[in-house]
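Everything below concerns the one structure shown next.
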Amino acid sequence: MKPASKLPCQVIIVGGGVSGIAMACQLKNMLNLNDFCIYDRQKGLGGTWLANTYPGCAVDIPGLCYSFSFAPNPDFTQVFPPQAEILEYLTSVIERYSVNNHFTGGQEWVRAIWREKTKTWLAAFQDITTGEFFTQECQILISAVGGLVNPQEFKMPGVERFQGEIIHTARWNHDVDLTNKKVAVIGNGASAIQLVPAIFEQVKSVTQFMKTPHHIVHGSNYSISPEWRDIFRQIPILLYLIRLSLFLYMELTWLVFQNNQLGRVTRASIEKQSRQYVQETAPEHYWNLLIPTYKFGCKRRVFDRGYLNILKSNKIRLTNNSIAEITTDAILTNCGEKIYVDAILLANGFSLTHYNVELRGRNGKAREQHWKEHGHKVTFKSIAMHEFPNFFYILGPNSGRLYTSAVDIIERYVFLSKLYIAFSSRILITRE
């Protein structure tokens with residue numbers, strides 16, 4: 001039985017997060033193109049900021065820079081806004097540009113195949129709720145699928161026997177009450193360092209399991225008063241200048257990652273500052289666990305807003321002992337220790353499977369075959385691939401940055417994609 005098909009459209013955007021929203025807004029605003037569809041596995045738009053609602057979730061880039069250049073936001077109440085404010089901002093942009101009218105949620109992208117005869121893509125999707133498939137033809141296909149999509153699986157012997165709650169930070173269950181519960185937190189990255197202080201007062205105890213330490217630096221946050229927010233609304237140029245200054249400052253940190261004398265000296269200085277901060281703030285018996293032996297820049301640094309201080313409490317224990325087995329009510333370590341827990345909270349990151357969907361270009365060539373021939377995930381300017389016509393990535397391979405706002409990077413790739421859509425495609429874009 002053939003899957004049902006929808007009416008063709010000019011553009012299909014897969015992904016309803018920041019990348020998909022930015023692309024949709026620019027299609028409407030700059031190209032006056034309204035014949036497009038957005039699909040996402042989630043029920044609503046917002047991407048990682050819709051999915052991640054765990055306690056303490058916030059952005060670690062200044063909010064003024066974690067916003068679109070075409071839609072600056074004067075209403076953030078903190079320099080580093082919490083998840084709810086980021087999602088509220090994205091929702092306001094969605095409403096302003098009527099992006100929701102083009103969106104269908106709860107759809108899993110299954111495959112996309114280029115059809116040379118019609119010079120179109122045939123994309124297939126599956127409804128997550130009903131399991132039904134459908135196809136849709138488009139002239140341009142855009143992958144706005146992010147890497148922070150599929151939670152990393154927790155594969156441990158006996159995990160299926162555990163009778164308590166197991167919750168991933170990206171699939172937080174707000175119906176679960178952690179009050180006076182003994183919890184285990186798996187992971188020690190950015191999510192864990194935000195989560196642990198947020199639940200610390202509520203729970204009875206925390207046992208945190210870690211592997212590789214991160215360079216931890218002090219992270220201050222400041223409120224933005226109603227008066228300042230009103231000034232930003234009244235004087236938009238001031239908001240623009242502050243935003244520009246912050247971007248220029250972050251761009252200067254590019255020098256830190258250069259393989260020259262300045263870069264090496266600067267990295268060594270940051271390593272020293274991080275080490276001193278840990279030694280001044282955390283208990284001495286945790287220093288060996290918290291201070292990395294690798295060079296700064298190999299992993300993203302983590303900003304501390306209270307985490308190291310609570311390590312002084314007897315309520316929390318940090319360990320790098322590996323987990324051997326899960327029982328009905330406890331975690332067994334490789335050292336033979338049995339740790340009783342009521343809930344396991346997973347802050348173990350994401351499985352990077354965003355390039356696993358079947359994608360076939362000219363002559364049926366698969367994306368995996370294309371990359372295998374070149375020996376790596378090769379793309380042109382990180383947005384396009386040879387023999388995959390009119391297919392574009394937003395935040396594609398090799399597009400990430402360690403030192404600036406992901407929103408800024410997304411806008412750059414949206415701009416490039418927009419140029420190719422406007423000038424290199426066969427679509428005739430007319431203004432109404």
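The values are calculated or read from the model by the stated rules, or taken from the named source; none is laboratory data. Since we're looking at a predicted model, the values are computed, not measured. Positions of Cβ are generated from backbone atoms using ideal geometry, with glycine treated the same way; all protein chains shown enter the neighbour counts. What goes into the accessible areas is simple: the full protein's heavy atoms, side chains included, and nothing from ligands, DNA or RNA. Shrake-Rupley method; radii C 1.70, N 1.55, O 1.52, S 1.80 Å.
Beyond 27 Å in Cα-Cα separation lie the following of the pairs LYS272/LYS381; LYS119/LYS418; LYS204/LYS295; LYS6/LYS365: LYS272/LYS381; LYS204/LYS295. Could you check how many percent of all C-alpha pairs in the chain are farther apart than 41 Å? So the portion of pairs separated by more than 41 Å is 23 percent.
Only helices enter the 222 nm calculation for the chain: every DSSP H run of n ≥ 4 contributes -39,500 (n - 2.57), and dividing by all residues gives -8500 deg cm²/dmol, rounded to 500. Reported value for segment 76-164: 212 Å³ per residue, from the convex hull of its C-alpha atoms.
Taking 0.36 nm per residue of sequence separation and subtracting the Cα-Cα distance, how much length would be gained by fully extending the chain between ASP127 and LEU289, in nm to one decimal?
53.8 nm
Straight-line reach from LYS155: taking Cα to Cα under 20 Å and skipping same-chain neighbours fewer than 8 places apart, the lysines in range are LYS211, LYS338. Its Cα gyration tensor gives segment 285-432 an equivalent ellipsoid; the semi-axes, largest first and in whole Å, are 45, 21, 15. A quarter of the convex hull surface defined by the alpha-carbon atoms of segment 223-371 gives 17.7 nm² as the mean projection. For segment 1-106, report the translational diffusion coefficient in µm²/s to the nearest whole number, using Stokes-Einstein at 20 °C, 1.002 mPa s, and a Kirkwood Rh over Cα pairs. For the chosen part, D equals 146 µm²/s. DSSP beta bridges confined to the chain are antiparallel in about 40 percent of cases.
Once the gyration tensor of the Cα atoms in segment 172-249 is diagonalised, the equivalent ellipsoid follows with semi-axes of 37, 19, 10 Å, ordered largest first. If the segment from ASN34 to GLN152 were pulled out straight at 0.36 nm per residue, it would be longer than the present Cα-Cα gap by 38.9 nm.
For the chain, the longest principal axis of the Cα atoms and the long axis of helix 261-281 meet at an angle of about 50 degrees.
Axis angle, to the nearest 10 degrees, between helix 236-252 and the longest C-alpha principal axis of the chain: 70 degrees. The long axis of helix 406-423 is offset from the longest Cα principal axis of the chain by roughly 10 degrees.
If every alpha-carbon in segment 103-248 counts as one equal scatterer, what log10 I(q)/I(0) does Debye give at q = 0.11, 0.13 1/Å? With no solvent term, the Cα-only Debye profile gives -0.86, -1.00.
Within the straight-line cut-off of under 19 Å between alpha carbons, the aspartates and glutamates reachable from LYS299 are ASP60, GLU251, GLU271, sequence neighbours fewer than 8 places apart in one chain being disregarded.
With the Cα gyration tensor of segment 122-183 giving a ≥ b ≥ c as the square roots of its eigenvalues, does the rule (a/c under 1.5 for rounded; else a/b larger than b/c for prolate; else oblate) give rounded, prolate or oblate? Since a/c reaches 1.5 and a/b is larger than b/c, the shape of segment 122-183 is classed as prolate.
A Cβ-based charge dipole, computed about the Cα centre of segment 91-207 with Lys and Arg at +1 and Asp and Glu at -1, lands at about 300 debye. For segment 160-221, with all protein chains present and a 1.4 Å probe, just round the carbon and sulfur fraction of the accessible area to a whole percent. Of the solvent-accessible surface of segment 160-221, carbon and sulfur hold 44 percent.
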